[in-house]
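Heads up: the structure comes next, in structure tokens.
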Amino acid sequence: MRTNYCGQLNTSHLGKTVTLCGWAHRRRDHGGVIFIDMRDREGLVQVVCNPDLPEMFKVAETVRNEFVLRMTGKVRRRPEGSDNANIASGEVEVVCQELEIINTAVTPPFQLDDENLSETVRLTHRVVDLRRPQMQKNMQLRYKTARAFRRFLDDKGFIDIETPMLTKSTPEGARDYLVPSRVHAGEFFALPQSPQLFKQMLMVAGFDRYYQITKCFRDEDLRADRQPEFTQVDIETSFLGEEDIMQLMEEMIRTVFKEVLDVALPKPFPRMSYQEAMARFGSDKPDMRVTLELTEVTDAVKDVAFKVFASVAQSGGRVAAMRIPGGASLTRGEIDEYTKFVGIYGAKGLAYIKVNDVTQLNESGLQSPIVKNISEAALKSIMERTGAQNGDLIFFGADKTKVVNDALGALRIRIGHEKGFTNGKAWEPLWVVDFPMFEYDDEAKRWNACHHPFTSPKDEHLQYLETDPGKCLAKAYDLALNGWEIGGGSVRIHKEEVQSQVFRALNINAEEAQLKFGFLLDALKYGAPPHGGLAFGLDRIVTMMTGAESIRDVIAFPKTQRAQCLLTQAPSEVDEKQLRELHIRLRQQTQTTVEVSKG
């Protein structure tokens, strides 16, 4: 039906007759000449309709926005001074010879160039929203990114293998989405949180290089970079160690960015231990563009009269400082706003010191309500450790370590970007390595796996599995980019005796392990090779590439932050017949309760 895409016409097509299909983006009547901006997925082109062809012109007069059109005409250069540098076809226009309205359209709910649309309106009318030029660009860039991943992995000998969407519910850190079985009354499938267990079994099966661009499902609290269903570039390989995997994946990310954005990421990517990242930045995915850092002062304030600091330091919490160069100029209103901000992360307050004269370690040189309760020795230590200068401000966090890290880590990012404390670089990748194997749950009085129970400990730390699990570091690695975790993975356990040790450390007995992971454990008995892998968040990567505010802007049909699809009105109620077939009965209380019958 067409010879060219609208947005691909340029001066190389001058004098040629073309046939275009697309939508009427805008129609303008200029006193006897009608201009139609015609749009398709590649962009816009200006179509000129002259009245010297009466039949064609009569059709042009009836065209309205979003009508579906087919036109034939000759490409010519735009008159001098009328070029449009904002579009690829801006140097040319098409003089219309034939025009056909393939389909009409009702008035759309909003203009496609309206930049003040609420997300609710956009998601409710997502089909129209996807016609907007920015959304078209986003989806095309997503396709190009996925294609670049596939091309690299194909060239490196990886095989694309699908894994099941209906599987067994296993504990992987988030709630499962459950699917009731009609055939097996009272039993449920789970949608996969990741293909983790299946890709390990594929390694045992001998497919030593696997990948898949696949959907994953997690029923967790949502935010801008999360969706109940999201897309991973999932990768697993055998006979490669931790270092080999990281080098290969680094090459892949560098190749993808070069191919899609023509961006040359640094080589090699810098690396940092988990412990250092948390100490300096309060985050295991630090934004390295921000130049602000956290400074440990817990030991310096353990004996001061200011009880907020002393009590935290003496009870095993963390007291950290963050110097803001020139921050003494911050207003009281700004400080109050930052105090309110850290409260989101559980901080009970935000202590500060304004440095007016660093040589006077008292209320004369340091402006703050807390200075009078901090010894001169402690103040001297704080000033020296932070490198404070006259005119600076120092913020403090004092609480449980997690609260301090979360609060000051987030404040670091906010102030860094608001006040310009950045290094000016567009992209800052970082490998975070040497993650702890376990974290202790004070309430349950047991160790939990930081990643998952199949992550391998460092070889030199095997000795600690039985005696001191808290000392164990994992063969795990995350790739952070501009403060976002874009990928993470680990080398897996392939030896039964090591797996048994890890289960014992996690207080998982043999019976429980068999119940939860029996199918994987059985597979590992049949000659499991050393293997490891990594998964990248495709949605997050594309969001960063496009500069979008949310991953919802790079997913064709996303859910809201309440896990709803406004377009299809899902989730929704189902009729009684369907429930009976699934052996489910709903009981109405303060909230809906589901009863499942096995009869």
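Structural remarks
- Yes/no for Met165 being part of a loop (DSSP other than H, G, I, E, B) and within 15 Å of Asp234 (Cβ to Cβ): yes
- Some residue of the stretch 35-42 being touching a His at 6+ places or on another chain (Cβ under 6 Å) and in a strand (DSSP E or B): yes
- Residue check for Met203: over 24 Å from the mean Cα position of the chain (by Cα) and open to solvent by less than 40 Å² (accessible area, probe 1.4 Å): yes
- Selection count, the stretch 168-190, where residues are open to solvent by less than 40 Å² (accessible area, probe 1.4 Å) and in a loop (DSSP other than H, G, I, E, B): 6
- Contacts under 9 angstrom Cβ, first residue in the stretch 312-333 being in a loop (DSSP other than H, G, I, E, B), partner open to solvent by less than 60 Å² (accessible area, probe 1.4 Å) and of a type in the set (Phe, Trp, Tyr), 6 or more apart: Pro325/Phe421; Leu330/Tyr338; Leu330/Tyr352
- Test result for Gln227, part of a loop (DSSP other than H, G, I, E, B) and either open to solvent by 10 Å² or more (accessible area, probe 1.4 Å) or more than 18 Å from Lys525 (Cα to Cα) (or both): yes
- Flag if Phe309 is open to solvent by less than 20 Å² (accessible area, probe 1.4 Å) and either modelled with pLDDT of 95 or more or over 15 Å from Thr401 (Cβ atoms) (or both): yes
- Residues of the stretch 372-399 satisfying the condition of being in contact with a Phe, Trp or Tyr (Cβ under 9 Å, 6 or more places away or on another chain) and within 22 Å of Glu334 (Cβ to Cβ): Ile382, Leu393, Ile394, Phe395, Phe396, Ala398
- Thr295 vs. criteria surrounded by 13 or more Cβ atoms within 10 Å (Cβ to Cβ) and part of a strand (DSSP E or B): yes
- Unique match (being in a loop (DSSP other than H, G, I, E, B), among the hydrophobic types (A, V, I, L, M, F, W, C) and within 39 Å of the chain's Cα centre (by Cα)) among Val121, Val106: Val106
- Residue that is nearest to the chain's Cα centre (by Cα), among those in the stretch 376-395 that are open to solvent by 60 Å² or more (accessible area, probe 1.4 Å) and polar (S, T, N, Q): Gln389
The values are calculated or read from the model by the stated rules, or taken from the named source; none is laboratory data. Nothing here was measured: the structure is a model prediction, and the numbers come from that model. Note that each Cβ is placed from the backbone with ideal geometry, even for glycine, and that neighbours are counted across all protein chains shown. Protein only, heavy atoms only, side chains kept; ligands, DNA and RNA dropped before computing areas. Shrake-Rupley method; radii C 1.70, N 1.55, O 1.52, S 1.80 Å.
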